[in-house]
Amino acid sequence: MARRKSGRPRPLPLEHRLPNPGGPFLGREEETRRLDEALALGPVTLVVGPGGIGKTALVLATLHASHADRVGQALYVGVPPDEPVDQLRYQLVRLLAAAEGSDLDIDALRGEPDAMLAAAIDLAEASSRVVVLDDVHHGEADGVEELLTRLATYARNSRWIATSRRPIPPLARHSLELGAMADRDLLMLAEAMAPSKSADAARRAVRAATGSPWMLQQLVSMGDTARELSRDELLAELPPRAATFLERLAVLRAPMPTELVASFAPIPDDATMAQLERRGLVQHAEGRIRMHDVLRGLFFEAGVDPRRAEAARAAAEALGASDDPDAALEAARLLAELPDLAALRVLLKGRGDELLAHGLAPRLWQILGRLSDPELVQLTLRCAAELGNATALSAVDAPAKPDDAERFAWAQTLYAQGDVAQARREAGAAARRGGPAAADAHLLAARCALHLLDLEGARVTLEALPGSGPFATRRDAQLAYRAALMGDRAPADRVLGAWRASPADEVPQEAMLDLAAAFEALGRNDAADELLEDVLATPRGGQASLLVARRALVLRARIRLEAGELVEAAAILDLVRPYSRAPSLLRPFVLELDAGRALAVGELEGLEARLDVAAREAEPVDRRCHARVSALAWRLASERATPPPSIASIDLAPEAIELAWLTGESAESATARHRVHERIAAGRAALAAGHPGRALEHADNAAREAALAEQRLLQARAMALGCDAAVCGGLWSELPDRAAALADLAGWMGSERWRACAELVLSADDPSTLERLAAEERVAPRVARRARALLGGAPAMDEVDDAVVGALRAHTGLRVETVLARGAGWEAGWGLDDRVQRVWTSAGAGVDLSSRALLWRVLVTLLEGGGTASKEELVLAAWDEREYHPGRHDAKLHVSIRKLRQTIEDDSSRPERLLTTDTGYRLGGVVRRATRAG
C-alpha cells in the first residue's frame, strides 16, 4: 500500500492553469458546437489536426465561452517531445493531488501504472475537473493510446481533452478532426488581428496561410507585401537580438530552462519576448522555453546550412556543460546531427553513466541506435541492455575485439536477451581479466548462476568479491537471495537491517531488487513490496520502458497474483508485455505469470499450449520459473483429469516442486509457502486414501498459514480441499460456512473457477445448478466433471472426485438418469425433477410446475413414452380420459402445449424442447429425469 503523507490544497502553478485564448477567435462555429456536444457526451475528447491548425485555440476558446464555471478548476498539461507516458501519469497525479489537498503518497504508486491512473481519475472526479492534455503526439504512441482509452473507459464526471497531430484509432468515436479554416473565416480573423492592414494584404495573407490560423497570425504580423511565411519575412519586423535568439532557439527540439537558453541565445527585452509569445512563436512551460514546432523548419535551408551548424554548436557547448541531464542529452542529439562524433564521444564518455542513471536510456537510444561508432560500442550495448526490449537488443551485435568493459557490456546485453548461460560465460571471462568492470562482471555472473540454480557456483563467485567497498551492498543482497532460495531467512534480515541503520547510504536499484526477490522467495511479500516501492520510485524504476523497472514490475505482479489480486496482476502484466517480445529475459516470467492468472480465474482454453511455450522458454533462462511452469502444467492436468506431464528428476507432487528444486525434502528449511504446498499435497493424498479427517486437518492448517502470509491463491486451494474433506467426512452442518467462505474469497479475487467449486458443494441436490456447472468445462473442469457425474454421466475421475461425488450422492439421495440422448458423449440438456415437479434448463434456470399438475402430467407422459406421444395418448394419460375426441380435446391440448412452451422454452415462437410431430408432440434435445434414490 502507498504510504500516506499529510498535505493541504495548493494552488495550481501558473503554467498548469488553463491559459486565456491567445487572441481573437472567430469562425469554427460548427467545430465549437461539436466540441461542446462531445464534452457533454463523454469524458474524453481528442482534437486532431495538423500543426498550426488551431487545435489548442479551439479548446481554450470553447472552454472559456461555454464552460466558464469550470475554467478555474481546469488543469493544463503540455506534453513535451519524447515524454514517457509513465512521467505524464506521474505529473497528472502530482498536480491533481496538490490541487485537491490529497495526502496520497504519489511516489509509492510509480511502479503501479494502473493504480497511478486510477488515482488521477479519482482526484479529477472529486471536483469534476477539466484536464487539457496538449500535444499528446509528443508522447509514446502506444502509451498515450492506452492512457486515453482507459480514461474514456473509467472517467465519469471529469472531462479530459487531448490535442494531437495524429489520430488514435480506438478513440475514433471520441475524436474531433480539425481541418483547414474557410477563407471567409480566415479573412475575418485577419481583420481582427490587424485592423490597419489593407484588404488586399489581408487576402494575400489568407491565401498564403492555407487554412492555418497560426500561420495567418505570423503573416499578418509582417509587412503588407508578405506573400508566404519565410524566415526573412518572419524576422523582418523584429529587432536583430530577437532574430539571433530565434535562430539559436530553432535548433532545440526539447524545452530547455530559460536561464540555460540565455547562455547561448541572448534573451530579448521583455517587450519583445511578450510580442513573441503573443504571436505563438515562443512557448513557456514550467520555467522552460521552446519554439513552436511549425516554426522550427523555416529557419534553416534543407541540407547543410552553416547558420544551423553554428547555432547547434553553440547550443551543444552550453547544454553539454550544464548539470541538467536533459540538457546534456539534447546536446548529444545536436552533436550527432551535426555530425561531430569527436565531441559526441567526449560528452557521452563523460556523461553516459549519468544519463542512464537518470532513466534517459529511451531517448539516448534514439541517438546511439542510429550510429555505428566503434568508440561508443560499450555505451550502445549498455543502453540496449538497460532498455531490454526486442527492438534494441536485436539491433546490436557482439563487439569484434572487445576490451574488458565492452565484454562486460555485451554480457549485460546477452543477459537482457535471456541468454543466461552465455551471459554467465562472458561475465565470468570479464571478471577473470580484472579491470574496472571486474566487480560488476562478478555480480552479473553470480546472478546468472542464481537463475540457473547453481547455488554453489553463485557462492564462490560472490565470495570472490571483497566484503566491503562500493560493491558490497549488491554482493550482500545477492548472497541474501541465495540464502533465501535455501530457506535461510537470517541474511535477508541482516542486510535490510544494515540498510535501515544507514539510511543516508544510497542503495542501488539492483540490490533492492535482489533483496525484494529474497523476501518474496521466503514468502514475506510485505517486505518485498516495500522494497519494490523504493525501486519503482526512482527515475530508472519509474519507467516501464527500462529493464530494471520491468524486473520490479514482474516481481510485483507475482506478489499481487499470490495475494489473489488478479485484476491488479493482469494490469501490471499488460504494462510489461509490450516490452517482452523475444529475445527477452522477462518473457518466460510474463508467460508463466499470465498462465498462473488464467488458471486461477478459470481461463483454461488453450492453456496447455501456452504452458508448453512457457516451459520451453523458461528452461534456459530461470529454473525456478521453469519449475513453476511445470507445477502449473501438473495442476492443469489434475484439474482436467488428464495424465500429468513428465517432470524430469522430480518425484514429488507439484505443490512441492519448488521445494524439491531448492531444498530437497528438508522441512526445517521450508518457507511458509512451501509448508502450505506440502500440506495441500498431504491432504489430497489422505483424502484419496480414504482419510477425510486427516485431510481436513491438513487443509485447515494450510488455509490458516496461507491467510497469515496473504497467499490467497494457496488459501483458496486449501479451502477447496477443506470443502472436499468436509463432504467426504460427512460434516454437513459446517459445509455451508466453508463453501460460503470460499465463495467470498473467490468473489474478492474475481475467480470463476473457485466460485464454481463452492457452488457445487452447496447445490449438489439442485439439478438446474448442476446442469449449468456441468457446462463450465473451460472454466472449472473438475467441477464440471463432478456435476456431470451427479447428473448421471460417466466422466473420467480420480480418487478424490470419486470420493466427493459418492458422498454427495449418498447425502442428497439424488438420482439422475438421461432419458433422451443424442450421442455417447456428454451434452448439455434439460430435465424433469420428479421430487419437486420442477423443470430445469441447460442454462441453469428452473420452472416450478408443482401447482400446475396438468402441464406436469403432459411432460411426464411424453417422457415415459420415450420422448414422444400422439395427441390421443396425451389426452388419455394427462386428462385421464377413456376416449379421445379430437373436436372436444384438441383445443384443450393446444392450450396446454402453448402454456408449456411459454413456460419452458427460451423463445416460445421457436420451440426447441417441446416440438410438434405429425401425430402429436415430442421432447427435443437431451432430456434427463431426477428422482430420489431408493
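What the table shows:
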{"item": "Subset of region 591-629 [assigned to a helix (DSSP H, G or I), crowded, with 17+ Cβ neighbours inside 10 Å and of a type in the set (G, A, S)]", "result": "A595, G596, A598, A600, A614, A615, A618, A627"}
{"item": "Count of region 426-454 residues which are in contact with an Asp or Glu (Cβ under 6 Å, 6 or more places away or on another chain) and crowded, with 24+ Cβ neighbours inside 10 Å", "result": "1"}
{"item": "Residue check, A516 small (G, A, S), surrounded by fewer than 23 Cβ atoms within 10 Å (Cβ to Cβ), at pLDDT 90 or above and under 24 Å from A600 (Cβ atoms)", "result": "no"}
{"item": "Region 378-411: number of residues that are in a helix (DSSP H, G or I), of a type in the set (D, E, K, R) and over 30 Å from the mean Cα position of the chain (by Cα)", "result": "3"}
{"item": "Of all residues in region 494-522 being touching a Phe, Trp or Tyr at 6+ places or on another chain (Cβ under 9 Å) and acidic (D, E), the one that is farthest from D454 (Cα to Cα)", "result": "D505"}
{"item": "A97 open to solvent by 30 Å² or more (accessible area, probe 1.4 Å), under 27 Å from Q283 (Cα atoms) and touching a residue at least 12 places away in the same chain (Cβ under 8 Å)", "result": "no"}
{"item": "Residues of region 188-203 satisfying the condition of being in contact with a Lys or Arg (Cβ under 9 Å, 6 or more places away or on another chain) and surrounded by 20 or more Cβ atoms within 10 Å (Cβ to Cβ)", "result": "A190"}
{"item": "Any chance A61 is open to solvent by 60 Å² or more (accessible area, probe 1.4 Å), in contact with a helix residue (DSSP H, G or I) (Cβ under 8 Å, 6 or more places away or on another chain) and more than 14 Å from L176 (Cα to Cα)", "result": "no"}
{"item": "Any hit, region 531-538, residues being outside any helix (DSSP H, G or I), under 13 Å from A709 (Cα atoms) and modelled with pLDDT under 90", "result": "no"}
{"item": "Members of region 345-367 found to be closer than 15 Å to A409 by Cβ and either open to solvent by 20 Å² or more (accessible area, probe 1.4 Å) or among the hydroxyl-bearing types (S, T, Y) (or both), listed by number", "result": "K349, D353, W365"}
{"item": "Which numbered condition A152 fails, given (1) among the aliphatic types (A, V, I, L, M); (2) surrounded by fewer than 22 Cβ atoms within 10 Å (Cβ to Cβ); (3) out of contact with any Leu (no Cβ under 6 Å at 6 or more places or on another chain); (4) at pLDDT below 80", "result": "(4)"}
{"item": "Candidate set from region 227-248 (those that are over 50 Å from the mean Cα position of the chain (by Cα) and either modelled with pLDDT under 65 or not acidic (D, E) (or both)); member that is farthest from A331 (Cα to Cα)", "result": "R227"}
{"item": "Qualifying residue in region 368-390 (condition: open to solvent by 20 Å² or more (accessible area, probe 1.4 Å) and either assigned by the TED database to the domain that holds R288 or of a type in the set (V, I, T) (or both))", "result": "yes"}
{"item": "Residue in region 815-829 that is over 44 Å from the mean Cα position of the chain (by Cα) and among the hydroxyl-bearing types (S, T, Y) present", "result": "yes"}
{"item": "Test: A327 is modelled with pLDDT under 90 and either out of contact with any strand residue (DSSP E or B) (no Cβ under 9 Å at 6 or more places or on another chain) or among the hydrophobic types (A, V, I, L, M, F, W, C) (or both)", "result": "no"}
{"item": "Matching residues in region 442-481 - criterion: being closer than 24 Å to E619 by Cβ, over 31 Å from the mean Cα position of the chain (by Cα) and not aliphatic (A, V, I, L, M)", "result": "D454, E456, G457, R459, T461"}
{"item": "Residue tally, condition within 26 Å of E125 (Cα to Cα) and open to solvent by 10 Å² or more (accessible area, probe 1.4 Å), over region 168-187", "result": "7"}
{"item": "Number of positions in region 822-851 that are free of Cβ contacts under 8 Å to residues at least 24 places away in the same chain, open to solvent by 50 Å² or more (accessible area, probe 1.4 Å) and assigned to a loop (DSSP other than H, G, I, E, B)", "result": "6"}
{"item": "Matching option when the condition is farther than 25 Å from R550 by Cα and in contact (Cβ under 8 Å) with a residue 40 or more places away in the chain, among A331, A390, A318", "result": "A318"}
{"item": "Flag for V816 being touching a residue at least 40 places away in the same chain (Cβ under 8 Å), closer than 30 Å to A695 by Cβ and open to solvent by 10 Å² or more (accessible area, probe 1.4 Å)", "result": "yes"}
{"item": "Qualifying positions in region 576-590 - within 21 Å of Q422 (Cβ to Cβ) and assigned to a helix (DSSP H, G or I)", "result": "R587, P588, F589"}
{"item": "The listed residue being open to solvent by less than 10 Å² (accessible area, probe 1.4 Å) and over 17 Å from E317 (Cβ atoms), out of L238, L246", "result": "L246"}
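Matching residues to (1) without any contact (Cβ under 8 Å) to a residue 40 or more places away in the chain; (2) farther than 25 Å from A615 by Cβ; (3) assigned to a loop (DSSP other than H, G, I, E, B):
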| position | (1), (2), (3) |
| --- | --- |
| A429 | yes, yes, no |
| A439 | yes, yes, no |
| L450 | yes, no, no |
| L453 | no, no, yes |
| G457 | yes, no, no |
| T473 | yes, yes, no |
| Y481 | no, no, no |
| A498 | yes, yes, no |
| L515 | yes, yes, no |
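Okay, residues lined up against (1) touching a strand residue (DSSP E or B) at 6+ places or on another chain (Cβ under 9 Å); (2) part of a strand (DSSP E or B); (3) on the phi > 0 side of the Ramachandran plot:
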site	(1), (2), (3)
V47	yes, yes, no
G51	no, no, no
T56	yes, no, no
L60	yes, no, no
D69	no, no, no
V77	yes, yes, no
P80	yes, no, no
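This table checks each residue for (1) in contact (Cβ under 8 Å) with a residue 60 or more places away in the chain; (2) closer than 20 Å to D86 by Cα; (3) not assigned by the TED database to the domain that holds L88.
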{"position": "P539", "(1), (2), (3)": "yes, yes, yes"}
{"position": "L547", "(1), (2), (3)": "yes, yes, yes"}
{"position": "R551", "(1), (2), (3)": "no, yes, yes"}
{"position": "R556", "(1), (2), (3)": "yes, yes, yes"}
{"position": "A571", "(1), (2), (3)": "yes, yes, yes"}
{"position": "V576", "(1), (2), (3)": "no, yes, yes"}
{"position": "D594", "(1), (2), (3)": "no, no, yes"}
{"position": "E603", "(1), (2), (3)": "yes, no, yes"}
{"position": "L607", "(1), (2), (3)": "no, no, yes"}
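The values are calculated or read from the model by the stated rules, or taken from the named source; none is laboratory data. Model, not experiment: these values are computed from the prediction. Glycine gets a Cβ as well: all are built from the backbone with ideal geometry, and neighbour counts include every protein chain shown. Note: accessible area is taken over every heavy atom of the protein model, side chains too, but ligands, DNA and RNA are not part of it. Shrake-Rupley method; radii C 1.70, N 1.55, O 1.52, S 1.80 Å.
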